[in-house]
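Worksheet: one structure, shown below.
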Amino acid sequence: MTRREIMVDGLAPPISHYAHAVIAGDALYVSGIVPVGADGEVVGEDVVAQARQVFEIMGRVLAAAGASPADVVKVTIYLLDVDDRPKINPLRQEFFGDSRPASTLVEVSRLAVEGARLEIEAIAQLR
């Protein structure tokens, strides 16, 4: 099995010892993405603006690995407030289009980046 770490130019560097994503065999594991700009600062104050930023980053990470949103088979969404789910769902539908990945939604009390209202991680199947 091959293993390759993906670091995407122009994205904020990870805040700890991890890669933006890892390819292992034909699977792509995307690290949890928080809504930050290239400078590492949180983008947007409301959950919709933050979700838009997270999905934009995810698109870049997927593309860097040769994948697209249609290749995502599993997502895990961490929200500070589970009641924000309906607010971000339209962005999720826009990002994934007709494909429907398996999904888990978890309400958490805190995230690693102060000011972030959500974090999303994903697993994709590479073709």
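The values are calculated or read from the model by the stated rules, or taken from the named source; none is laboratory data. Note that the structure is predicted; figures quoted are calculated from it, not measured. Because the Cβ atoms are built from the backbone with ideal geometry, glycine has one as well, and the counts that use them run over all protein chains shown. Ligands, DNA and RNA are excluded from the accessible area calculation, which covers all protein heavy atoms including side chains. Shrake-Rupley method; radii C 1.70, N 1.55, O 1.52, S 1.80 Å.
With respect to (1) of a type outside the set (A, V, I, L, M, F, W, C); (2) more than 16 Å from residue 75 (Cα to Cα); (3) in contact (Cβ under 8 Å) with a residue 24 or more places away in the chain, the lone exception for residue 17 is condition (3).
Within the stretch 92-127, restricting attention to residues that are closer than 11 Å to residue 79 by Cα and among the small types (Gly, Ala, Ser), the residue that is surrounded by the fewest Cβ atoms within 10 Å (Cβ to Cβ) is 109.
Tell me, yes or no, whether the stretch 68-84 has at least one residue that is among the β-branched types (Val, Ile, Thr), exposed (fewer than 15 other Cβ atoms within 10 Å of the Cβ) and touching a Phe, Trp or Tyr at 6+ places or on another chain (Cβ under 8 Å). Taking every residue of the stretch 68-84 in turn, none turns out to be among the β-branched types (Val, Ile, Thr), exposed (fewer than 15 other Cβ atoms within 10 Å of the Cβ) and touching a Phe, Trp or Tyr at 6+ places or on another chain (Cβ under 8 Å). The set of residues in the stretch 90-127 being touching a helix residue (DSSP H, G or I) at 6+ places or on another chain (Cβ under 7 Å) and in a strand (DSSP E or B) consists of 105, 107, 118, 120, 122, 124, 125.
Every residue, every condition in (1) over 21 Å from residue 4 (Cα atoms); (2) in contact with a Gly (Cβ under 7 Å, 6 or more places away or on another chain); (3) not hydrophobic (A, V, I, L, M, F, W, C), yes or no:
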| position | (1), (2), (3) |
| --- | --- |
| 37 | yes, no, yes |
| 101 | yes, no, yes |
| 105 | yes, no, no |
| 125 | no, no, yes |
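Filtering the stretch 8-25 to residues that are open to solvent by 20 Å² or more (accessible area, probe 1.4 Å), closer than 18 Å to residue 59 by Cα and over 14 Å from the mean Cα position of the chain (by Cα) leaves 9, 10, 13.
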